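Following: one structure in structure tokens, then a few remarks.
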Amino acid sequence: MNNITLAPVQPDQPSHLMPVFGRQSISFVRGRGSYLYTEDGTEYFDALTGIAVCGLGHAHPVIAQAIADQAATLIHTSNLYEVPWQTAAAQKLAEVSGMEEIFFSNSGAESNEGAIKIARKFGSMQGISHPKIIVADHSFHGRTMATLSATGNKKVQEGFGPLVEGFIRVPFGDIEAIQEAAINHPDIVAIFVEPIQGEGGVNTAPQGFSYLEEIRQVCNQHNWLMMLDEVQTGNGRTGQYFAYQHTNIVPDVLTTAKGLGNGFPIGAVMTQGRGVGVLTAGNHGSTYSGTALGSRVVYTVIDLIQKENLVENAAKMGAYIVEQLRQQLSDQEITVRGFGLMIGIELPKGCAELVNTARDEYHLIINVTAGSVIRLLPTLNINKEQADLLIERLVKMIKAFLA
Ligand SMILES: *Cc1c(COP(=O)(O)O)cnc(C)c1O
């Protein structure tokens, strides 16, 4: 095992890191399953899992072994050659996603860049010179130029103009606004939304998942691509393998990342139906697309999610946590929204400081999004005992905070 110890950074030493993150002053040096540990061995329950990334838990022995084996065998050759693990990973992902063609990327934003390129090429193939994509208010699609332009959050865009053009924004859930856009803009080629807005506060549209069915209908009517950003909601998180599977429709383009590699940076853009065959040789690429190492991780993660029935567990434990929180906090002015293990607790006031309170007083790692929503994204293999521990700490903390 690795026995290299890092010398502690002195307070007067520059970190040399670009200061783009608002970091908490704590660092974890080790993890196991749902738990994180600081250098002195203090244990924290991780209900955030690196923001819906480490769904199988930290330091999963099977994934650690797969990474070690593959690293000692072959990490990368390039897409100049066949990559057997890439094909195996694509077959697995096609099986669970219902998609036909898959391109592996290295992050969520990069997967979404792929989707945006597919939409534009789809337009270009029909002779549309300035294709437009409908996107939603309060959405989050990433930090690259095209994805921050698609994002419905001014703070993400401020200072980075000129933005990438070609996006039409509508209120999330407003199907009439989409119909209206169709009348005003003959050059629309796609709609791109999240099934559940994660950064936006763990929200479905007001009409729930039937919004997706309405979008599917409009896309069929106008020959548009239906594109879903499942970077956060994918990979078992919501109690279906992909959140769209809560409905009877299938999107043409589907993106994912976060939970796909359990911490190994990898994403995917996938197509079926109208999305198939749009990108062809020379249209897209990435040096690191589907390396042997990354692909083996994806294969292993999906295999584990299947064999351990973790999608079912996410549905079951998510429902239990939501029910318990609603019951035990029924005298509080809160709203609990839950989709499998993607859970938001909306408080009646801003509660950003609860991140620190939870960590320091309850040894609980959570996140607050959209100002007043506690966001929980625990491991997909959480058991009842751990769920009870999470519920107990949350209930105590929320009651104290709102008292
Ligand atoms: C996190 C996230 C992204 C961006 O993913 P990165 O890997 O950070 O680039 C895009 N869309 C959604 C819905 C996300 O939650």
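The values are calculated or read from the model by the stated rules, or taken from the named source; none is laboratory data. In this text the structure is predicted, and so the values were computed from the model without any measurement. In this analysis, Cβ positions are derived from the backbone assuming ideal geometry, glycine residues included, and neighbour counts consider all displayed protein chains. Surface accessibility is based on the protein's heavy atoms, side chains included, excluding ligands, DNA and RNA. Shrake-Rupley method; radii C 1.70, N 1.55, O 1.52, S 1.80 Å.
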By average C-beta atoms within 10 angstrom, highest first, the peptides 262-275, 4-17, 33-46: 262-275, 33-46, 4-17
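For region 1-140, what is one quarter of the convex hull surface built on the Cα atoms, given in nm²?
Working: hull surface 57.2 nm².
Averaging across all directions leaves 14.3 nm² for the Cα convex hull.
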Pairwise centroid distance, computed over Cα atoms, of region 1-77 with region 374-389, Å: 20
Radius 14 Å from Cβ of ILE178, net charge of other residues (Lys, Arg +1; Asp, Glu -1): -3
Antiparallel DSSP beta bridges within region 74-307, percent to nearest 5: 40
Proximal charge balance of GLY261 [Cβ under 15 Å; K/R count +1, D/E count -1]: +1
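Give the relative contact order (percent, whole number) for region 127-259; include only Cα pairs under 8 Å separated by 6+ residues.
Details: 231 pairs, mean separation 29.2, N = 133.
Once normalised by length, the contact order is 22 percent.
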For region 74-307, convex hull volume per residue from C-alpha positions, Å³: 122
Binned Cα-Cα distance frequencies in region 73-193 - 5 Å width, integer %: 2, 10, 16, 18, 17, 15, 10, 7, 4, 1, 0, 0
Rounded accessible area per residue of the chain, 1.4 Å, Å²: 46
Length-normalised contact order for region 185-255 - Cα pairs under 8 Å, 6+ apart - percent: 36
Most to least packed among 291-298, 163-170, 71-78 [average Cβ atoms within 10 Å]: 291-298, 163-170, 71-78
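Mean projection of the alpha-carbon convex hull of the chain over all orientations, in nm²?
Details: hull surface 84.7 nm².
Projected over every direction and averaged, the Cα hull of the chain covers 21.2 nm².
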Percent accessible area from carbon and sulfur atoms, the chain, protein chains only, probe 1.4 Å: 52
Length-normalised contact order of the chain in % [C-alpha pairs under 8 Å, at least 6 apart]: 21
